[in-house]
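Input: a single structure, listed below in structure tokens.
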Amino acid sequence: MSGRSDAVDDILSRLDTRGVSRRSLLKLIGAGATAAAAGGLLAACGDDGATATTGGAAATGTGTTVVADGSLAFLVMTNQLEYDVLLDRAAAGLAEQLGFDYASFDGRLDASLQLTQFQQAAARGVKGILLHSPDGSNVESIARASQQQRIWLANVWNTRAFYTPFDVGDYWTLYAQPDEYMVQGRVTQLLIDALDGKGEIVRVTGVVGSSADTIRTAGANAVLKRNPGVRLVGEQTGRWNPEESQKAMESLLSRFPGTKGVIAQNDDIATGVIAAIRAAGKRPGEDILVVGADGTDLAAERIKSGEQLGTTANVPSYSGYLLLARLYDLQNGWRPRTPERMLQWESVILTRENVEPYLQRYVGDPSVAPFSIDLLSHVRAGDRWDPQASLYPISDLDQLWEGNRKPSGWEPPKEFVAAQQSGEFDAVRAEYVAAYRADVLGPSPAA
């Protein structure tokens, strides 16, 4: 026994195991594991940059981890994103509550690395995958491999445009994102109104070519077209993260010193944009107005202070709860109807007028869960089911991928069309509208 104990202690000393107890690591290795098995775990921890979280603990390692039967893995786009960190934190805590082993992996904005991480997780018996792809280029490979290996897959945001779960099979169970075209248009209108409908603005975008960035651009452009007094004079990519976004904004300010407003395509970009505005000796929220997207903690705090004008409150934790609830329900016998395999939600536009309840619920007391899994899980809730957000089926694929090139000869999946023609989409939407009771800006239903 002492040899096994020494091996575990050696692992703990050599890895960054912040937040992981010795007991949790022993659970991973297994009751019958030997020091040699522990050495195998270390061998799996290569330099692929993955972030590992087990049993809900927030641990950072340098590689993959052993995952037991019944476990879940989250393939994170990048840990540079506050949104993904918050999503991961929510999913990890909920996985622990539901009794799943859980691991998350930092994709470092590298779709190829994520594919490798998927293969490693699948080889170790993972039963469910949460995916946030950097650009959608790896979604088809991961989805098809998940179908072949009977691993449930639920993904958010960046995906391959005009490629759906119905093109693969039942194991790609869910694609979800906010109604980006609509809400990005609304937050852009917020900026235009604050500028009294005139002036020069710039835009800092995400990963060029990603479906999420493309649709946000399209939603903003539609509103800008209706407001010719506001001129978009320049744009540059910030690849979703603060560091590159600060450099992009510094470049834009040097070229367009008369800039009065900025569309930051997410709140992590807004973090870098605001840093660049300060570095230029200007005052964010006064000299230059900034809007973002996603509803991160930092963005909400900046909105309260006046440094950021607004954002789309996509609520990072909601993505984690929505995907975890789906994977939990599937492993307990529930199956989605056709319209329930592609979902979106209407995000609130967060401003100084409504940010306080958002801060209290999502940024304040961490001892109170932001959502109730007992209401979000169909299995647990039964007829008490409440999506706890304005959630509804995606019924317009052309608008979903507005601005993306449609493949030659593409037609919507037959299963999708049949559900539209039968009225099933309308029926499910009506059910979801009626079920939504716990307001997203109200008190947590888990309190």
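Using the Cα gyration tensor of segment 368-409, with a ≥ b ≥ c the square roots of its eigenvalues, what is the shape: rounded (a/c below 1.5), prolate (a/b larger than b/c) or oblate (neither)? All intermediate terms of the calculation are to be shown ahead of the outcome.
On the way: a/c = 4.16, a/b = 2.82, b/c = 1.48.
Prolate.
Rounded, prolate or oblate: pick one for segment 78-212, where a ≥ b ≥ c are the square roots of the eigenvalues of its C-alpha gyration tensor, a/c under 1.5 means rounded, and failing that, prolate if a/b is larger than b/c, else oblate. Can you show the working numbers first?
Values: a/c = 2.26, a/b = 1.86, b/c = 1.21.
Here segment 78-212 falls in the prolate category.
Run the dipole for segment 138-218 about the Cα centre, Lys and Arg Cβ at +1, Asp and Glu Cβ at -1, nothing else charged, and hand back the magnitude in debye, nearest 20.
180 debye
Please report the net charge: other residues with Cβ closer than 14 Å to the Cβ of Asn158, K and R +1, D and E -1. Could the numbers behind the result be given before it?
On the way: positive: Arg160, Arg216, Arg239; negative: Asp84, Asp110, Asp135, Glu140, Glu180, Asp213, Asp294.
Here the charged neighbours net out to -4.
On the first, second and third principal axes, largest extent first, how far apart are the outermost C-alpha atoms of segment 331-447 in Å?
Sorted from largest, the Cα extents of segment 331-447 read 51, 36, 24 Å.
Go from 0 up to the bin containing the longest alpha carbon distance in segment 181-293, width 5 Å each, and give me the % of pairs per bin.
2, 14, 26, 27, 21, 9, 1
What order, most packed first, do the peptides 355-363, 197-205 have when packing is the mean number of other Cβ atoms within 10 Å of each residue? Spell out each step's value before the answer.
Working: 355-363: 18.6, 197-205: 21.0.
Listed from highest to lowest mean packing, they are 197-205, 355-363.
Using only Cα atoms, locate the centre of segment 369-389 and the centre of segment 245-324, then give the distance between them in Å, rounded to an integer.
Here the answer is 32 Å between Cα centres.
How large is the direction-averaged shadow of the alpha-carbon convex hull of segment 260-386, in nm²?
Values: hull surface 36.8 nm².
With every direction weighted equally, the projected area is 9.2 nm².
Looking at this model, which pairs from Lys247/Lys406; Lys247/Lys304; Lys198/Lys406 are more than 27 angstrom apart at the alpha-carbon? List each step's numbers first, then the result.
Numbers: Lys247/Lys406 33 Å; Lys247/Lys304 25 Å; Lys198/Lys406 34 Å.
Result: Lys247/Lys406; Lys198/Lys406 exceed 27 Å.
Show me 276-282, 72-78 ranked by packing, highest mean number of other Cβ atoms within 10 Å first. It would help to have the intermediate numbers written out before the result.
On the way: 276-282: 15.9, 72-78: 27.6.
Listed from highest to lowest mean packing, they are 72-78, 276-282.
Any read-out appearing in this document is the output of simple, stated calculations on the displayed coordinates, not a laboratory observation. Fair warning: this is a prediction, and the values are worked out from it, not measured in the lab. No Cβ is skipped: glycine too gets one built from the backbone with ideal geometry, and neighbour counts run over all protein chains shown.
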